[in-house]
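Novice: This is the structure I have questions about; it appears just below.
The values are calculated or read from the model by the stated rules, or taken from the named source; none is laboratory data. Worth saying up front: this structure is predicted, and the values here are computed from it rather than measured. Every residue, glycine as well, gets a Cβ built from its backbone with ideal geometry; the counts of neighbours run over all protein chains shown.
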């Protein structure tokens, strides 16, 4: 089974809010949605030590690590070994998140190792120049999240989304563009895809919702609908 | 079952050399030794994503994480959540290894979180002043490994071991002292325990041995013997 | 001339708010106060590239670097060479500030180099355990600033100040204790010294005052007065 | 006086080997060469606290900082404030050296601040992908130094130099390309410029030479000659 990320895609990113049994329940629900809507990819990010359990309990979602280091099996201690997360079941990884920024050189190494193993990379960038730099280094997905908007409930505006899309596709049109700033409702998801993003995602908009599982469902449905209508 | 680390103890630390099935085979072998010699504690360090599998396949060893961050469930992404590794089965953690050094403040936070969850801490220090500082901050085990000796095949000399022991026990006599610089034979293990260390450990001395599993066995036997004879 | 820091002492720490001519004017004013009240030490922290100009324009203040690295003359590029800041005129240095935290090992190296060169160290700690750890590693002055109070205008309470003092002096009674959380008026200075701190300091409380130079003067006078009355 | 870096250029980078009077003597000698060969730019990197003294004692060289942070005047402590090094006399800065790597985001911020102040940037990259990424982010000069060659006395081969040149000029042909791996003789300088580099530089090849000042002179002469002959 290929693990290439489809267009459109949705990332449920519970960060470090969830782990263990509770995370597992969420992942199973996301898996049901992924089986129901196989035309889109659903990624769930999980803490490293939860990767194996989530992988074993699901079929269709792309289990995603929060980070990995560009190391090879060897002396490293305390770093995240790509082979270890791959073996446990991760098929995608976030890199260079604002909470876990990477040096230019470490990002480059991590991207290289991800390609060797077949792990899809979602690389964060918080300006258009950074997004282009990251595109040149070979990201599979670029998350364009202006740092100042994270967690504020404000979405990126239409001009920003279109500029970013264009700047990235200019470098490499096969790179997927993710826009996820301030997504907190199904309408936000719809609008973001409508504006041209290849994928989106959400953290607190889901976990803090009155009916979280319903919110997750509605968001995935909005994603599928918007993408179909965009044509 | 208490997970307090006994005196003497042995740490098999394959760093990032092993993961997946091969690591599992080693962990099972270590577990047989741990069941055979219940008077000593045997710790096996594993990559984060391997914690659950190793825990599920073993009974007696203390599954040990290579690092963790002093965070609480919440926004962090890319960090190592203590609750996640605990839930997966880790009951001990290395902190401040030369390959993953921590700021004073981050170490202090990680020690606090470890105590809250019941995770034993093995904290690295590469000078006597640092060992005392770390003792005051509340480590359970201190690994006194002069950075310049790591991986050279040279063991710490007797004066260094005794000075370190004394300096640490002066601060808190319940702290266990681990000495592991340059351990590559069962004789090195014997001598280190004889000189007063509470525990020791090994990486390449085992994995590079002609008969690795035999070497692991001999080292654990030397540990038990030296500790008994020391009285 | 000895550069040992006297009891009491006052640190004017304009962080990165000031540089060049404006910083020079402030430093000269602080120098006049230092000459008028030679019984106390007045330290002024300055950006690295301003050290020489400030030293050349002043007589009595202790020119203080914002950080240095524990390196020796050699290959390092981009780090702060102790010999370079000493030659330019720095006789004290902040280490491990919350905005520039150091690993346990790097702090230990920096303290060692500072002692070799005769640079006084002001080491930050944000809990009592960290303050004791830092005391054992050999700081000359410890700044006990609970991270959560920095810049809030709230001072540390009396119990915190006394506990910290006691915890540090227990390890080494020659270490000076600095308390500077939330100092924004001359009364705050008076109260902090009265409660037993050896020194204090201020940033925005001075630069944001209606009459900044007057505020600096009043704070130094309050320091001298409180220390005399404390007896 | 414009501080734009000319083609060809030579960087004397004594890292942290030199400071104070000894550095000053070297800088003066480099300045004589810069006055004699005004058609090339000569840059001298110096520790932060030496910038002002070197600037005051020289006329023509471009005084270069070893690093700076992309911060604005404000709260930062322990970071390198761009305004402070500019005021002291720095007109160029190294960024992202292997010994002081920057995150993608911090590099982007530092480049932005450098442009605002008129500080030329020499950005290090250790692969062609990284060089292109850095070109897109807006470096003025890119130093293509394969990390594994630093300090080995081996120069980059002709194919590497030409590939790098092409990859960078493809993104922006105004960016200058510096090649400096393993430069230890005037012949190395000649060959590197002949192969198409816009500039080069040296550390230990000069300071360890039998007659260091003569070596510096010969290297600058080789640079000028090669560039003229290249046409």
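Novice: Working only within the stretch C:113-130, note down all residues that are crowded, with 23+ Cβ neighbours inside 10 Å, part of a strand (DSSP E or B) and more than 11 Å from chain B (Cβ to nearest Cβ).
Specialist: Within the stretch C:113-130, C:121, C:122 meet the criteria.
Novice: On to the next question. Mind listing just one residue for me: the one in the stretch C:131-140 that is in a loop (DSSP other than H, G, I, E, B) and within 11 Å of chain B (Cβ to nearest Cβ) and, of those, farthest from residue C:180 (Cα to Cα)? Explain how you work it out, then say what you get.
Specialist: First, pick out the residues of the stretch C:131-140 that are in a loop (DSSP other than H, G, I, E, B): C:138-140.
Narrowing further to those that are within 11 Å of chain B (Cβ to nearest Cβ): C:138-139.
Numbers: C:138: 20, C:139: 17 Å.
Per the stated criteria, the residue is C:138.
Novice: Sticking with this one: Filter the stretch A:6-25 down to the residues that are touching a residue at least 60 places away in the same chain (Cβ under 8 Å) and within 14 Å of chain B (Cβ to nearest Cβ) and list them by number.
Specialist: A:11, A:12, A:13, A:14, A:15, A:17, A:18
Novice: Now, a different point. Working only within the stretch B:33-43, note down all residues that are part of a helix (DSSP H, G or I) and surrounded by 18 or more Cβ atoms within 10 Å (Cβ to Cβ).
Specialist: First, pick out the residues of the stretch B:33-43 that are part of a helix (DSSP H, G or I): B:33-36.
Within the stretch B:33-43, B:33, B:34 qualify.
Novice: For residue A:181, only one of the following conditions fails: (1) touching a helix residue (DSSP H, G or I) at 6+ places or on another chain (Cβ under 8 Å); (2) modelled with pLDDT of 95 or more; (3) buried (at least 16 other Cβ atoms within 10 Å of the Cβ). What is its number?
Specialist: (2)
Novice: Consider residue A:53 against the criteria (1) within 8 Å of chain B (Cβ to nearest Cβ); (2) at pLDDT below 95: it satisfies all of them except one. Which criterion is unmet?
Specialist: Exception for residue A:53: condition (2).
Novice: What is the one condition in (1) under 30 Å from residue D:126 (Cβ atoms); (2) surrounded by fewer than 19 Cβ atoms within 10 Å (Cβ to Cβ); (3) in contact with a helix residue (DSSP H, G or I) (Cβ under 9 Å, 6 or more places away or on another chain) that residue A:174 does not satisfy?
Specialist: (3)
Novice: Across the stretch D:60-72, what is the number of residues that are out of contact with any helix residue (DSSP H, G or I) (no Cβ under 6 Å at 6 or more places or on another chain) and farther than 23 Å from residue D:99 by Cβ?
Specialist: Selection size over the stretch D:60-72: 1.
Novice: Would a scan of the stretch B:11-24 turn up a residue that is at pLDDT 95 or above and in a strand (DSSP E or B)?
Specialist: Within the stretch B:11-24, one or more residues are at pLDDT 95 or above and in a strand (DSSP E or B).
Novice: Right, another one. Can you name the residue in the stretch C:142-151 that is surrounded by fewer than 24 Cβ atoms within 10 Å (Cβ to Cβ) and under 23 Å from residue C:8 (Cα atoms) and, of all such residues, is farthest from the other protein chains (Cβ to nearest Cβ)? Walk me through it before giving the result.
Specialist: So in the stretch C:142-151, the residues surrounded by fewer than 24 Cβ atoms within 10 Å (Cβ to Cβ) come out as C:145-151.
When the remaining residues are screened for being under 23 Å from residue C:8 (Cα atoms), the result is C:145-146, C:149-151.
Details: C:145: 11, C:146: 11, C:149: 14, C:150: 9, C:151: 7 Å.
Step by step, filter the stretch C:142-151, then rank; the result is C:149.
Novice: Same structure again: Return the total of residues in the stretch B:63-90 being more than 7 Å from chain A (Cβ to nearest Cβ) and either surrounded by 24 or more Cβ atoms within 10 Å (Cβ to Cβ) or assigned to a helix (DSSP H, G or I) (or both). Show your work before the answer.
Specialist: At the first step, the residues of the stretch B:63-90 found to be more than 7 Å from chain A (Cβ to nearest Cβ) are B:63-65, B:68-70, B:72, B:82, B:86, B:89-90.
Filter once more, so that each one left must be either surrounded by 24 or more Cβ atoms within 10 Å (Cβ to Cβ) or assigned to a helix (DSSP H, G or I) (or both): B:63-65, B:68, B:82, B:86, B:90.
Adding up the residues that qualify gives 7.
Novice: A further question follows. Taking the stated definitions as given, is residue D:107 at pLDDT 95 or above, surrounded by fewer than 22 Cβ atoms within 10 Å (Cβ to Cβ) and part of a helix (DSSP H, G or I)?
Specialist: no
Novice: Return yes when residue A:51 is touching a residue at least 24 places away in the same chain (Cβ under 8 Å) and either part of a loop (DSSP other than H, G, I, E, B) or on the phi > 0 side of the Ramachandran plot (or both) and no when it is not.
Specialist: no
Novice: Has the stretch C:30-46 got at least one residue that is in contact with a helix residue (DSSP H, G or I) (Cβ under 9 Å, 6 or more places away or on another chain) and within 9 Å of chain D (Cβ to nearest Cβ)?
Specialist: Checked the stretch C:30-46: at least one residue is in contact with a helix residue (DSSP H, G or I) (Cβ under 9 Å, 6 or more places away or on another chain) and within 9 Å of chain D (Cβ to nearest Cβ).
Novice: Would you be able to tell me the number of residues in the stretch A:93-104 that are buried (at least 24 other Cβ atoms within 10 Å of the Cβ) and more than 10 Å from chain B (Cβ to nearest Cβ)?
Specialist: Matching residues across the stretch A:93-104 total 1.
Novice: Just to be sure, is residue A:98 under 15 Å from the mean Cα position of the chain (by Cα) and in a helix (DSSP H, G or I)?
Specialist: The answer is no for residue A:98.
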